[in-house]
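See below for the structure under consideration.
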Amino acid sequence: MKRSARQLAEPDLGVLAARLLFDVQGELYRRTAEQGYDDVRPRHGVVLAYLDEDGTRLTDLAQIARRNKQTIAAIVDELETLGYVYRADDPADRRAKLIVPTERARQRARAADQIVADIEKRHQARLGRAAYAEFKQTLRAITTDEADEPEPRSSPAGDYQARPHRAAW
């Protein structure tokens, strides 16, 4: 049997995960573009998904997103140019900067959260409440490794808490 036929008949975890990611991202970015956020690209989601309203340190974003600091810094530069974030002094540490969302970024985050909630409601209706909850719990177990969880640390906004991974929006 050819590889393509095999993946169509019995897709492996990578293919299934990619389908889910691309479907969610496709709808999310299409719908946010329709709302006027057509300058944001999927690569920006790695920052936007984890950005706290009162700001997040770049090193924390990199750790949460499981990316290196250089990659996150480049994406932050792009988002700053687009007017979605700005850098501010971290009052808890003069050496550090916070990446802070602008009002436009906060509005887009609210729109994105609603779109993801719509997608989840649709999947829940299709599978049933219990099956969907079990699916999410299983997916979280597969994608969360305790060794990868960030250690809590203090931030200017209060205590930093390790958060479950959200869709890459």
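Readers should treat all values here as calculations from the given coordinates under stated rules, not as data from a laboratory. Nothing here was measured: the structure is a model prediction, and the numbers come from that model. For neighbour counting, all protein chains shown are included, and Cβ atoms are generated from backbone atoms with ideal geometry for every residue, glycine included.
Over all directions, the projected convex hull of the C-alpha atoms in the stretch 25-65 averages 3.2 nm² in area. How high is the relative contact order of the chain, in percent, with contacts defined as C-alpha pairs under 8 Å that are six or more residues apart? Over the chain, the number comes to 27 percent.
Given an 8 Å cut-off on Cα distances and at least 6 residues of separation, report the relative contact order of the stretch 1-73 as a percent. 17 percent. Highest average first, the peptides 131-140, 91-100 ordered by how many other beta carbon atoms sit within 10 Å of their residues are 91-100, 131-140. The GluC sites (Glu not before Pro) found in the stretch 1-59 that occupy coil by DSSP, while having at most 15 further C-beta atoms within 10 Å, are 53.
FRET efficiency for the pair residue 126 and residue 96, taken as 1/(1 + (r/R0)^6) with r the Cβ-Cβ distance and R0 = 35 Å, rounds to 0.20.
In this entry, the chain is assigned a mean projected area of 11.9 nm², taken as a quarter of its C-alpha convex hull surface. With the simple model of a label 7 Å out from the Cα in the direction of the Cβ, residue 19 to residue 141 spans 2.2 nm.
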